[in-house]
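Chemist: Before I ask anything, let me first share the structure, which is written out below as structure tokens.
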Amino acid sequence: MRRTPSYLLEDEAEVKRLIRENPWATIVSNTDAGLVASHYPVVLEEGADGISIVSHVGRPDEQLHELGQHEVLVIIQGPHGYISPGWYDANPAVPTWNHVTAHLYGTPEILSDEENYRVLGDLVDFFENRMPEPRRLEHNEEYARRIVKGTAGFRLRVTRFDARLKLSQTKSPEVVATIIDELEHGENYAQPALAREMRRVHEGNDSVQ
């Protein structure tokens, strides 16, 4: 990603928040057969040192990715959206795209069958906990263990990350307020989640109400 200094996201805690709130990830591997990409949910290991995520792939994706044999890239995509130059009084002006994105790098560790089952249970619980009647793997353990056999779990201890927080930081408070309003209430390119992220980053700016 382009390394514009004002957009760099170097705070590990903020990257963890991004993973926690946006758990649908893209996994990219540069294998002997070429590039391979897959999409799976990931869970942040809250008690780990640094950034560590766990997930699984459906077999035979672990072979296609050559998991454990080399470094992989995991892309976490947060809120994003189109920003029209018509939303603020600037001439000349060009459109842009605001986004929050993190690239995570590391070599996966393949989990044992039992740890894979535990991790999948944690993954299910992560999403089911907000449901009125959570459905957990242990509610039908025999069936769940049969399904788990078709997956390969892994842990990725992130050795480096490259993240961006591009949310109109170079614009004036008045322009930021206009962009947020369009993202919240506009008819053409509304992105409320992106508006909330911008409010969070620009909080303390009295012009953003």
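Chemist: Does region 167-175 include one or more residues that are at pLDDT 95 or above and not in a loop (DSSP other than H, G, I, E, B)?
Modeler: Scanning region 167-175 turns up no residue that is at pLDDT 95 or above and not in a loop (DSSP other than H, G, I, E, B).
Yes/no per residue for (1) at positive phi; (2) aliphatic (A, V, I, L, M); (3) at pLDDT below 95:
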position: T26; (1), (2), (3): no, no, no
position: I53; (1), (2), (3): no, yes, no
position: G58; (1), (2), (3): no, no, no
position: I76; (1), (2), (3): no, yes, no
position: D89; (1), (2), (3): no, no, yes
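Chemist: From the residues in region 141-169 that are open to solvent by less than 70 Å² (accessible area, probe 1.4 Å) and among the aliphatic types (A, V, I, L, M), which one is farthest from P60 (Cα to Cα)?
Modeler: L167
Chemist: Of all the residues that make up region 15-45, how many are touching a His at 6+ places or on another chain (Cβ under 8 Å), surrounded by fewer than 18 Cβ atoms within 10 Å (Cβ to Cβ), under 14 Å from H103 (Cα atoms) and among the hydrophobic types (A, V, I, L, M, F, W, C)?
Modeler: So the answer is 1.
Chemist: For the subset of region 1-29 comprising residues that are among the small types (G, A, S) and either more than 15 Å from the chain's Cα centre (by Cα) or part of a helix (DSSP H, G or I) (or both), which member is nearest to V74 (Cα to Cα)?
Modeler: That would be S29.
Chemist: Just for region 52-64: of the residues that are in contact with a Ser or Thr (Cβ under 9 Å, 6 or more places away or on another chain) and touching a residue at least 40 places away in the same chain (Cβ under 8 Å), which one is least open to solvent (accessible area, probe 1.4 Å)?
Modeler: Per the criteria, the residue is V57.
Chemist: If you don't mind, there's one more thing I want to ask. Which of the following residues is open to solvent by 50 Å² or more (accessible area, probe 1.4 Å), acidic (D, E) and assigned to a helix (DSSP H, G or I): E138, E187? Walk me through how you get there before you give the answer.
Modeler: Working: E187 fails: assigned to a helix (DSSP H, G or I).
Every option except E138 fails the conditions.
Chemist: Now for a separate question. Scan region 72-103 residue by residue and report those that are loosely packed, with under 12 Cβ neighbours inside 10 Å and among the polar types (S, T, N, Q).
Modeler: Of everything in region 72-103, just one residue is loosely packed, with under 12 Cβ neighbours inside 10 Å and among the polar types (S, T, N, Q), namely N91.
Chemist: I've got another one for you. Note down all Cβ pairs under 6 Å where the first residue falls in region 107-122 and is under 26 Å from R160 (Cβ atoms), the second is small (G, A, S), and they're at least six residues apart or on different chains.
Modeler: P108/G68; I110/G68; L111/G153; N116/G153; V119/G153
Chemist: Now for a different question. Within the group Y105, Y82, which residue is hydroxyl-bearing (S, T, Y), touching a Lys or Arg at 6+ places or on another chain (Cβ under 7 Å) and assigned to a strand (DSSP E or B)?
Modeler: Numbers: Y82 fails: touching a Lys or Arg at 6+ places or on another chain (Cβ under 7 Å).
Within the list Y105, Y82, the selection yields Y105.
Chemist: Let me ask another. Quick one: how many residues across region 57-73 are in contact with a helix residue (DSSP H, G or I) (Cβ under 9 Å, 6 or more places away or on another chain) and in a loop (DSSP other than H, G, I, E, B)? Reasoning before the result, please.
Modeler: First pass over region 57-73, keeping only residues in contact with a helix residue (DSSP H, G or I) (Cβ under 9 Å, 6 or more places away or on another chain): 57, 67-68.
Now narrow it down to the ones that are in a loop (DSSP other than H, G, I, E, B): 67-68.
Of the residues in region 57-73, 2 are in contact with a helix residue (DSSP H, G or I) (Cβ under 9 Å, 6 or more places away or on another chain) and in a loop (DSSP other than H, G, I, E, B).
Rundown of residues vs (1) of a type in the set (S, T, N, Q); (2) more than 28 Å from E197 (Cα to Cα); (3) modelled with pLDDT under 95, yes/no style:
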{"residue": "K16", "(1), (2), (3)": "no, no, no"}
{"residue": "D32", "(1), (2), (3)": "no, yes, no"}
{"residue": "L64", "(1), (2), (3)": "no, yes, no"}
{"residue": "Y82", "(1), (2), (3)": "no, no, no"}
{"residue": "A93", "(1), (2), (3)": "no, no, yes"}
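Chemist: Separate question: Inspect all residues belonging to region 148-166 and state whether any of them is outside any loop (DSSP other than H, G, I, E, B), more than 25 Å from the chain's Cα centre (by Cα) and not aliphatic (A, V, I, L, M).
Modeler: Checked region 148-166: no residue is outside any loop (DSSP other than H, G, I, E, B), more than 25 Å from the chain's Cα centre (by Cα) and not aliphatic (A, V, I, L, M).
Chemist: L123 fails exactly one of the following numbered conditions: (1) over 26 Å from Y88 (Cβ atoms); (2) open to solvent by less than 60 Å² (accessible area, probe 1.4 Å); (3) touching a helix residue (DSSP H, G or I) at 6+ places or on another chain (Cβ under 8 Å). What is the number of that condition?
Modeler: The failed condition is (3).
The values are calculated or read from the model by the stated rules, or taken from the named source; none is laboratory data. Remember, it's a predicted structure, so these values are computed and weren't measured experimentally. In this analysis, Cβ positions are derived from the backbone assuming ideal geometry, glycine residues included, and neighbour counts consider all displayed protein chains. These accessible areas exclude ligands, DNA and RNA; they are computed on the full protein's heavy atoms, side chains included. Shrake-Rupley method; radii C 1.70, N 1.55, O 1.52, S 1.80 Å.
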